[in-house]
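Derivation of every value follows stated rules applied to the coordinates shown; laboratory data play no part. Please read all numbers here as calculations on a predicted model, not as lab measurements. Counting neighbours? That spans all protein chains shown, and the Cβs are built from the backbone with ideal geometry, glycine included.
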């Protein structure tokens with residue numbers, strides 16, 4: 001069997017799930033990019049609003065809610081305060097950096113034995129100007145020790161936190177100043193919403209019906225995309241596909257994908273022939289960027305002799321979530337690609 005067959009099951013499932021056939025419209029062939037980078041403003045005044053129940057994972061794990069936080073660190077190897085039990089008495093103070101380009105988060109607690117922790121953040125980016133911060137950079141982290149010295153935690157310097165989804169909403173003042181109305185991402189997107197918000201975005205599909213394959217699928221236009229196998233039989237493989245998306249109810253959608261590949265298995269009767277694969281995926285959305293998928297139909301057509309093979313049950317199924325910056329995701333996970 002050619003590698004692409006394992007790739008596309010995860011990938012098409014990632015998108016939307018509509019299990020009824022009565023869809024009223026579908027995506028066309030226009031192209032756009034919902035991932036235009038827009039700078040978001042986060043300063044000492046707006047930060048308590050922005051950081052609302054946000055989890056900052058640096059080993060430790062710090063959950064920030066306005067001017068308070070919880071802190072836990074089971075592993076002191078990074079140089080941060082060790083706390084095997086969650087500390088709930090942490091206060092957060094926000095200051096602007098002297099150059100105005102960054103934000104200081106100063107964590108204090110009577111339970112800290114080493115001293116206070118200062119973390120410098122910068123580069124807040126809203127991809128698509130939708131009202132949510134998709135990424136920022138941890139410039140540096142320091143422990144301000146009780147003896148008056150400062151120790152920098154070099155292992156986290158210049159770490160980029162990305163693919164944040166809807167975890168960090170821009171402040172009301174920032175959205176007002178930039179004329180942004182927060183979109184409603186609940187349920188499934190219409191075709192117009194798909195073309196506005198999903199093109200340029202990638203979805204990570206996690207197969208739950210087999211070996212747990214992971215596939216990253218990015219929609220490069222309203223009718224084309226690329227996939228990357230992250231984990232599973234064909235990890236590192238990548239390719240392209242065409243697709244049609246249609247909404248199918250308030251929380252469902254249908255994604256039909258088409259790809260071609262050359263059979264490379266010499267023991268297969270279709271060896272060296274070009275195969276066209278069509279897959280139909282039902283996707284059920286928790287919101288635009290999270291949900292479940294199920295493969296409902298599919299065919300493999302040998303373009304050399306016209307023979308058709310229909311997919312049969314049991315079909316693949318799994319879950320999906322959004323990845324807004326593919327290149328950062330690949331770099332962070334040390335994924336090297338090969339092209340089929």
Legend entry - Whole-angstrom Cα spans of region 42-170 along principal axes, big to small: 44, 31, 25
Legend entry - For the chain, calculated [θ]222 nm from helices alone, where every DSSP H run of n ≥ 4 adds -39500 (n - 2.57): -2000 deg cm²/dmol
Inset, instruction - Would you mind calculating the relative contact order of region 210-340 from Cα pairs under 8 angstrom and at least 6 residues apart, reporting the percent as a whole number? - result: 18
Inset, instruction - Give the angle, between 0 and 90 degrees and rounded to the nearest 10, that separates the Cα long axis of helix 4-13 from the longest principal axis of the Cα atoms of the chain. - result: 60
Legend entry - Gaussian network model of the chain, Cα within-10 Å springs - most flexible of 239, 100, 165: 100
Legend entry - Sorted peptide list for 77-87, 228-238, criterion being average Cβ within 10 angstrom, highest first: 228-238, 77-87
Legend entry - 303, 103 arranged by Cβ crowding within 10 Å, fewest neighbours leading: 303, 103
